[in-house]
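The values are calculated or read from the model by the stated rules, or taken from the named source; none is laboratory data. Bear in mind that the values here come from a model prediction, so they are computed numbers and not experimental data. Neighbour counts run over all protein chains shown; Cβ positions are idealised from the backbone, glycine included.
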Amino acid sequence: MEPFALSPAAERLQAVFRTRPWLLDTVVAVLVVMVGAISRPTLSFTTWPQTVHTLVVTGCAAALVLRRLHPRPALTVVAILLLVHLIAAIEPGICVALICLIAAYTTQTQLAPPWRWVFLAAVYSGAVAAIMMSPIPAPAVDVRGRLIAAGVVLTLLTLAALAGVIRRQRRARYVLAIERASMLEARQDAERRLAAVEERTRIAREMHDILGHSLNAIAAQAEGVRYVLRSDADRADQALADIGRLSRRAVDDVRDLIDVLTTDAAETSVLPTPSLGDMPDLIASLQYTRAAIRLQVDGDLDSVPGHVGLAAYRIVQESLTNALKHADGVPITVRVAVQDRHVEVAVLNSLAPAVPLPGRAAGGRGIIGMRERARALGGTVRAGPDPTTGGWCVRAMLPRSRA
C-alpha cells in the first residue's frame with residue numbers, strides 16, 4: 001500500500017461525506033454538544049443561566065448542521081445566540097470558544113466577499129467582548145489578564161480562519177483542475193472529430209481521384225472503340241485491352257485504399273504514389289480515347305519533390321478527367337514547367353464548335369479538390385476560359401518548398 005493511502009472503508013466514508021456534507025456537520029454538532037456536557041459551564045436546566053447556556057449551545061449545534069448547505073443563515077443564528085449568551089453575562093467556556101472557532105473557519109470556506117469578512121469581524125468582536133465583559137471566576141483577573149486572554153483567543157480565531165482559507169484555496173484548485181480536465185477532454189474530442197472529418201475528406205478525395213479518373217477514362221475508351229471497331233480492329237482490340245487494364249488498376253487501387261482503412265499504419269505496405277515522372281504513362285493510358293492529348297515538358301520532372309509531384313499529378317489527372325467528360329474529342333495540351341522555385345502545370349483544350357463550354361466543371365468537386373491540394377502546398381489553381389484559344393484552361397502554380 002502506498003504511504004498515506006486511505007483504506008477502502010475510509011474512501012467509502014469520504015465519498016459519503018462528500019456527497020452528503022450535512023452528515024459530517026451533524027457529527028461536528030454532536031461533538032459540540034458533548035464538549036458542552038463535559039466542560040464548564042455544564043449543560044443543565046437547574047438555574048436560568050444554565051438554561052440559557054444550554055439553549056445557546058444546542059441552538060448553535062443545530063445551526064452548525066446547516067453551515068455548508070445554508071452558511072449565511074446558519075452563521076446568523078450562531079451570532080444571535082452568542083449575543084444572547086453575552087448579554088446574559090454567562091461565563092464563557094470551552095464549548096463557546098469551540099463554536100467561535102468553527103464559525104471563523106466557516107466564514108472562510110463557505111462565504112464569498114464581502115460576507116466573508118463581515119461575519120469574521122463579527123466573530124472577532126464578539127470574542128473580544130466576551131473576554132472583556134463576561135464574568136470570569138478567577139481571583140485577581142485584571143484588565144491586563146483579560147487582554148492577554150483576548151490576544152490568545154484572537155490568535156486561535158486567526159489560525160482557524162487561515163485553516164479555512166487554505167481549505168478554500170485547495171478546493172478552488174481542485175475545481176479548477178476538474179474544469180481544465182473537462183476542457184481538455186472537450187478539446188481532445190473536438191480534435192478527434194476534426195481528425196475524423198479530415199480523414200473522411202482525404203478518403204473522399206482519394207476515391208474521387210482514383211475512381212473518377214479511371215471510370216471516365218474507361219468511358220472515353222469505350223466511346224472510342226465504337227468509332228474504330230469496324231475500321232481498325234487492331235486499334236479497337238488495343239483499346240479494349242486498355243479498358244481491362246484500367247478496370248483492374250481501379251479495382252486494385254480501391255483494394256489498397258480499403259487495406260489502408262482497415263489495417264494498422266505500422267502494418268500497411270504503401271504502394272509508391274504517382275509523381276510528375278509518371279505523367280507520360282498517364283497520357284499513354286488515354287491514347288485510345290477520341291481526344292488527342294499532347295504533353296509538353298520543360299525541365300527535369302524527377303527533380304520535383306514527391307509531395308509537390310503528387311499534387312501536380314492529381315491536378316493534371318483531374319483536369320484530363322473533366323476534359324474527357326465535358327469536352328470529349330477535343331484536342332488537349334498538357335504543359336509542365338519545372339522552375340527553380342515553382343512547378344507550373346496547365347491543361348488546355350480548344351473546344352470544337354459543336355461542343356458547349358464546360359463551365360459547369362468549375363463548380364464540381366474536382367475543381368474544389370484541386371484547389372485544396374494546391375492550397376495545402378501554398379499554391380494556387382485557376383480554372384476558366386482561355387482568352388487565347390477560347391477553350392478551357394486549368395493552370396496550377398505550386399511552390400517547390402514552403403516559404
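Yes or no: the range 5-17 includes at least one residue that is in contact with a helix residue (DSSP H, G or I) (Cβ under 6 Å, 6 or more places away or on another chain) and either assigned by TED's automatic domain parsing to the domain that holds ALA163 or over 21 Å from SER134 (Cβ atoms) (or both). If you could, list the steps in order and put the result at the bottom.
Pass one, the range 5-17, residues in contact with a helix residue (DSSP H, G or I) (Cβ under 6 Å, 6 or more places away or on another chain): 17.
Applying the additional criterion that residues be either assigned by TED's automatic domain parsing to the domain that holds ALA163 or over 21 Å from SER134 (Cβ atoms) (or both) yields 17.
For the range 5-17, residues in contact with a helix residue (DSSP H, G or I) (Cβ under 6 Å, 6 or more places away or on another chain) and either assigned by TED's automatic domain parsing to the domain that holds ALA163 or over 21 Å from SER134 (Cβ atoms) (or both): present.
Need a quick list: helices (runs of 4 or more DSSP H) entirely within the range 213-298 having at least 1 residues that are more than 24 Å from ALA323 (Cβ to Cβ) and either modelled with pLDDT of 70 or more or touching a Lys or Arg at 6+ places or on another chain (Cβ under 7 Å) (or both).
233-262
Mind checking which residues of the range 29-48 are surrounded by fewer than 16 Cβ atoms within 10 Å (Cβ to Cβ) and part of a helix (DSSP H, G or I)?
VAL30, LEU31, MET34, ALA37, ILE38, TRP48, listed by residue number.
One line per residue, one yes/no per condition, for (1) in a helix (DSSP H, G or I); (2) out of contact with any His (no Cβ under 7 Å at 6 or more places or on another chain); (3) closer than 24 Å to VAL57 by Cα; (4) not hydroxyl-bearing (Ser, Thr, Tyr):
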position: ALA112; (1), (2), (3), (4): no, yes, no, yes
position: VAL118; (1), (2), (3), (4): yes, yes, yes, yes
position: LEU156; (1), (2), (3), (4): yes, yes, yes, yes
position: ALA163; (1), (2), (3), (4): yes, yes, yes, yes
position: GLN169; (1), (2), (3), (4): yes, yes, no, yes
position: ILE178; (1), (2), (3), (4): yes, yes, no, yes
position: GLN188; (1), (2), (3), (4): yes, yes, no, yes
position: ARG192; (1), (2), (3), (4): yes, yes, no, yes
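When the range 371-392 is examined, which residues are found to be modelled with pLDDT under 90 and either outside the structural domain of VAL338 (by TED's automatic domain parsing) or under 19 Å from ASN349 (Cβ atoms) (or both)?
ALA383, GLY384, PRO385, ASP386, PRO387, THR388, THR389, GLY390, GLY391, TRP392
Filter the range 85-105 for residues that are assigned to a helix (DSSP H, G or I) and exposed (fewer than 15 other Cβ atoms within 10 Å of the Cβ) and give the result. Full working, then the answer.
At the first step, the residues of the range 85-105 found to be assigned to a helix (DSSP H, G or I) are 85-87, 94-105.
Across the range 85-105, the qualifying residues are ILE87, ILE94.
In this structure, is VAL128 without any contact (Cβ under 8 Å) to a residue 40 or more places away in the chain, part of a helix (DSSP H, G or I) and touching a Leu at 6+ places or on another chain (Cβ under 9 Å)? Full working, then the answer.
Values: without any contact (Cβ under 8 Å) to a residue 40 or more places away in the chain: yes; part of a helix (DSSP H, G or I): yes; touching a Leu at 6+ places or on another chain (Cβ under 9 Å): yes.
Yes, satisfied.
Going through ILE148, ILE131 one at a time, which residue ends up being touching a Lys or Arg at 6+ places or on another chain (Cβ under 6 Å) and farther than 23 Å from ASP25 by Cα? Please lay out each step first, then the result.
On the way: ILE148 fails: touching a Lys or Arg at 6+ places or on another chain (Cβ under 6 Å).
Unique residue meeting the criteria: ILE131.
In the range 49-75, which residue that is not in a helix (DSSP H, G or I) and not aliphatic (A, V, I, L, M) is farthest from the chain's Cα centre (by Cα)?
Within the range 49-75, the first condition is being not in a helix (DSSP H, G or I), and the residues that meet it are 65-70.
Adding the requirement that they be not aliphatic (A, V, I, L, M) leaves 67-68, 70.
Working: ARG67: 38, ARG68: 34, HIS70: 36 Å.
Out of the qualifying residues, it is ARG67.
Quick one: in the range 298-332, of everything that is in contact with a strand residue (DSSP E or B) (Cβ under 7 Å, 6 or more places away or on another chain) and free of Cβ contacts under 8 Å to residues at least 40 places away in the same chain, which residue is surrounded by the fewest Cβ atoms within 10 Å (Cβ to Cβ)? Steps first, please.
Residues of the range 298-332 in contact with a strand residue (DSSP E or B) (Cβ under 7 Å, 6 or more places away or on another chain): 298-301, 303-304, 308, 311-312, 315-316, 319-320, 323, 327, 330-332.
Narrowing the set further to residues that are free of Cβ contacts under 8 Å to residues at least 40 places away in the same chain leaves 300-301, 303, 316.
Values: ASP300: 10, LEU301: 19, SER303: 12, VAL316: 25.
Top of the filtered list is ASP300.
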